[in-house]
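Undergrad: Quick one: the structure is below, questions incoming.
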Amino acid sequence: MLSKEVKEKLISIVTTENFADSKTERLVYSYDATPNFQSMPDAVVSPRNTMEVAEILKVCNEYKVPIVPRGSGTNLCAGTCPTEGGIVLLFKHMHNILEIDEENLTITVQPGVITLDLIQAVEAKGLFYPPDPSSMKISTIGGNINENSGGLRGLKYGVTRDYVIALEVVLPNGDIVRTGGKLAKDVAGYDLTRLFVGSEGTLCVITEATLKLIPMPETRKTMLVHYQDLNAAAKSVSKIIANKIIPTTLEFLDQPTLKVVEDFAQIGLPTNVEAVLLIEQDGPLEVVERDISKMAEVCKSEQAVSIQIAATEAEADALRTARRAALSAVARLKPTTILEDATVPRSEIANMVKAINEITEKYQLTICTFGHAGDGNLHPTCATDARNHEEMERVEKAFAEIFEKAIELGGTITGEHGVGAMKAPYLEWKLKKEGIAAMRGIKLAFDPNNIMNPGKVFAKDSKKRVVVTR
Ligand SMILES: Cc1cc2nc3c(=O)[nH]c(=O)nc-3n(C[C@H](O)[C@H](O)[C@H](O)COP(=O)(O)OP(=O)(O)OC[C@H]3O[C@@H](n4cnc5c(N)ncnc54)[C@H](O)[C@@H]3O)c2cc1C
């Protein structure tokens, strides 16, 4: 519970209207999109501007009250679960697009702007903001920046990090710092912008961001390639890139995913094939046509059984929407859905898919696998029931083996969903003790009182690696 003194100080900053500590309100913000994590905050505070954020941070720093910044709570790593209590900081008043600068090709926004609103606002001006997480209808830019989110267009255009060029942040001591600018070049000192991107609310509060825009591609084409062999689909991915084509989108869906997505979306997806690749290219018409036909040839040479090219934009949009609905569709199967984020070099995609299937078989689980194959980023997603403790033990062992395999193949424990509280015990597998110590040093320099999203990224105890015998 907050002390009377802290509560009064916070109310004096944001007014009673923007301070809530009723049980109902606290319950609403006690969890996020991550299954099996819940913990009550002491209060929920909604600042109206940067100065209020700075005043709140000063109070929390003085009284050592944890702060959990929260966008829409769609993260999948328990990044906004208030595991150590304290206040949840909401950005419901800080949700404005401040400027679209068509000369410098930038957009400046407050953190609470919804990703899709930003994308549509720039598209109305013939401009393009590529990062498109599947959650874009509800996720916020503040959340995207703090998780360094990716999306379906990441292969060709990169992820959120590649578009953040300037930030306004408030440090735990209340200092307001501006990093970067509307600049193509800037090497003045350490690159703090890059450091804050992906920092999961553990270093500062982001109160404003300037993002790079690019011109809208002239045209795009979408195709769905069917396979009766998972391996062949996975091999096509690296072969397309080896043929020096970088498509906008190169997504993988296995048969269990296809079945649940078709049941949900009803758009005529094939459910009798082992896997599909959803491939998209954009750019000038002649380049798009040349790349699409070259990629179709590559897929055929890798035993694709058929290729379906979307005839209209509506058909293409239905395919993209179906892919984006994969997680929601799997979630209809059982009460608990655990989505993972193992990522490997794309040349290892075939090996990773094979390993996931063997592990699924070994632990007798329902795992649907889909993901950004072109980025080497797979989402093995387990439909389970948290009340079945015996099955949950098998799920945990299976995912530990999946992470272990990803690292063995030169990959990582998370490609885009972040570490949060969920993956924190596994971080040492990827970074080793020395890497964690270096990161702890950075955390300590910015946040000596550990008030910013404590309990995230750094675990009290690291998981022991198991030696897997296959
Ligand atoms: C159905 C579904 C599909 C998804 N698809 C994708 C996908 O395709 N690609 C992908 O990368 N992710 C995906 N995600 C994960 C999630 O949507 C992203 O991580 C997203 O960026 C989170 O945005 P949010 O606004 O919900 O942030 P939140 O979940 O509220 O917060 C995320 C992190 O950012 C911090 N934070 C938020 N705002 C601020 C701020 N202003 N200052 C400091 N810290 C802040 C929080 O403390 C937390 O650590 C998906 C999730 C779901 C549920």
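Undergrad: Return yes or no: is residue 222 polar (S, T, N, Q), in a strand (DSSP E or B) and either in contact with an Asp or Glu (Cβ under 7 Å, 6 or more places away or on another chain) or within 15 Å of the ligand (Cβ to nearest atom) (or both)?
TA: So residue 222 fits the description; yes.
Undergrad: How about the range 132-157: which of its residues are buried (at least 24 other Cβ atoms within 10 Å of the Cβ), more than 6 Å from the ligand (Cβ to nearest atom) and under 13 Å from residue 209 (Cβ atoms)?
TA: 141, 145 - these are the residues of the range 132-157 that are buried (at least 24 other Cβ atoms within 10 Å of the Cβ), more than 6 Å from the ligand (Cβ to nearest atom) and under 13 Å from residue 209 (Cβ atoms).
Undergrad: Here is a further query. Which condition number does residue 124 fail, the rest of (1) without any contact (Cβ under 8 Å) to a residue 60 or more places away in the chain; (2) more than 15 Å from the chain's Cα centre (by Cα); (3) within 14 Å of the ligand (Cβ to nearest atom) being met?
TA: Unmet condition: (3).
Residues are listed down the side, and each one gets a yes or a no for (1) at pLDDT 95 or above; (2) surrounded by fewer than 18 Cβ atoms within 10 Å (Cβ to Cβ); (3) over 30 Å from the mean Cα position of the chain (by Cα):
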residue	(1), (2), (3)
21	yes, yes, no
36	no, yes, no
43	yes, no, no
46	yes, no, no
50	yes, yes, no
61	yes, no, no
68	yes, no, no
74	yes, no, no
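Undergrad: Among the candidates 113, 65, which residue alone is over 22 Å from residue 214 (Cβ atoms) and touching a strand residue (DSSP E or B) at 6+ places or on another chain (Cβ under 8 Å)?
TA: Of 113, 65, the one residue that is over 22 Å from residue 214 (Cβ atoms) and touching a strand residue (DSSP E or B) at 6+ places or on another chain (Cβ under 8 Å) is 65.
Undergrad: Here is a follow-up. Write out, first by first residue and then by second, each pair whose Cβ atoms fall under 6 Å of each other, whose residues are 6+ apart or on separate chains, and whose first residue, in the range 135-154, is farther than 13 Å from residue 117 by Cα and of a type in the set (S, T, N, Q) while the second is near the ligand (Cβ under 7 Å from one of its atoms) and assigned to a loop (DSSP other than H, G, I, E, B).
TA: 146/200; 146/201; 149/133; 149/416
Undergrad: Let me ask something else. May I ask you to list the residues in the range 63-112 that are polar (S, T, N, Q), more than 9 Å from the ligand (Cβ to nearest atom) and out of contact with any Leu (no Cβ under 9 Å at 6 or more places or on another chain)?
TA: The answer is 83, 96.
Undergrad: If you don't mind, another one. Restricting to the range 188-213, name every residue that is under 21 Å from residue 52 (Cα atoms) and free of Cβ contacts under 8 Å to residues at least 60 places away in the same chain.
TA: Selection gives 196 alone.
The values are calculated or read from the model by the stated rules, or taken from the named source; none is laboratory data. Values in this document were obtained by computation on a predicted structure and should not be read as measured data. So basically every Cβ, Gly included, is an ideal-geometry build from the backbone, and we count neighbours across all protein chains shown.
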